[in-house]
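I have placed the structure first, in the form of structure tokens, so that the comments after it can refer back to it.
What follows draws every value from the coordinates through simple rules; no lab data is involved. Computed from a prediction, not measured in an experiment: that's the story for all the values here.
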């Protein structure tokens, strides 16, 4: 039996360091494949839409905020400079959808 050693054209690359040294790291709760980079340790999902497109700015330091917790009616964001900046912000789901809609226009 002969093996065909062709280069894989669909190689997954790390979005942080652009390395192809990644391995499968389970699945998301929605069933999509997750990966982990062996070089930098970054975890990422399969697909181009990783994270949120629009994140609010921190009212204290001005840096982008990350999703900290999602609830039924609100989304809680934390400053990306945490723990240096410990600012949190709560946004209602409807308000956040309007923010996304206005930024798409």
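Using only alpha-carbon positions, what ratio does the radius of gyration of segment 65-104 give when scaled by 2.2 N^0.38 Å? Write down the numbers at each step before the final one.
Details: Rg = 11.0 Å, N = 40, 2.2 N^0.38 = 8.9 Å.
For segment 65-104, the normalised Cα radius of gyration is 1.23.
If N is the number of residues in segment 9-48, what value comes out of its Cα radius of gyration divided by 2.2 N^0.38 Å?
Numbers: Rg = 9.5 Å, N = 40, 2.2 N^0.38 = 8.9 Å.
Normalised Cα radius of gyration, segment 9-48: 1.06.
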